[in-house]
């Protein structure tokens, strides 16, 4: 399998590529994009939480212990005394960090249910729910974070499968087929449990309508196509290749900073679906 450094590097590249497209499409504010991109990077190492002594497992349970302990602390801040709050805070931290972590690793094994698409969907839904209801993000941003998490998760599984093929020795390792799978056929009960957890997590997610409408809008993809190559045949402001002469240059609507105009002929303005995952006030005419 690929090591931790490789997973982080490839996960960062994939998440960065998606972040670039998202930023160019102008569907999310830059401050939200940082958190969304980090969700993708986290997803690229998350499947290795079933390794008892792996860095992802240690980091995950440490971070989860900190997050849950402060959540409990702030939830009961006005109900108990200072000493009682200290007990709740530290008790939650150590419970998650040690006994819960030990129990998790006792009933899991490497490349089991956590190396499956089903587990990736579970974490996708959990991420969307956390971004919406815990971090207070817009529902479109929440689902975008869940999407980044899922892509990062799949990147890890695919990379492990690639490393299961010894190209130089032209042979397939015994681990081939254990990393990327829909569910864990060796332990059906684990697959049923994670499927039930994924359904439960999906029921807690915000409505996906804004996200679906955003990524399927024709104006968004038209804008990405328009911005894919440098304008005026210039790369970083320098002429990179000769401009092809045409009898009548096609009229191209200018791209305003922070927005992507919809093609007038393809999508009428009144019928154009929203192009942003976050609600924004209409631009005012400054004539």
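The values are calculated or read from the model by the stated rules, or taken from the named source; none is laboratory data. The structure presented is a predicted model; accordingly, all values stated were derived computationally and were not measured. Reconstructed Cβ throughout: ideal geometry from the backbone, glycine too, with neighbour counts over all protein chains shown.
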Out of segment 210-236, which residues are exposed (fewer than 14 other Cβ atoms within 10 Å of the Cβ), modelled with pLDDT under 80 and within 23 Å of the chain's Cα centre (by Cα)?
228
Would you mention how many residues in segment 167-185 are surrounded by 13 or more Cβ atoms within 10 Å (Cβ to Cβ) and modelled with pLDDT of 80 or more?
4
Here, helices (runs of 4 or more DSSP H) confined to segment 31-139 with at least 2 residues that are in contact (Cβ under 8 Å) with a residue 60 or more places away in the chain and touching a helix residue (DSSP H, G or I) at 6+ places or on another chain (Cβ under 7 Å) are 117-129
Looking at 108, 164 in this structure, which one is in contact with a strand residue (DSSP E or B) (Cβ under 8 Å, 6 or more places away or on another chain), surrounded by fewer than 19 Cβ atoms within 10 Å (Cβ to Cβ) and more than 24 Å from residue 38 (Cβ to Cβ)?
164
Would you check if there is a residue in segment 65-72 being over 25 Å from the mean Cα position of the chain (by Cα) and either surrounded by 12 or more Cβ atoms within 10 Å (Cβ to Cβ) or more than 30 Å from residue 179 (Cα to Cα) (or both)?
yes
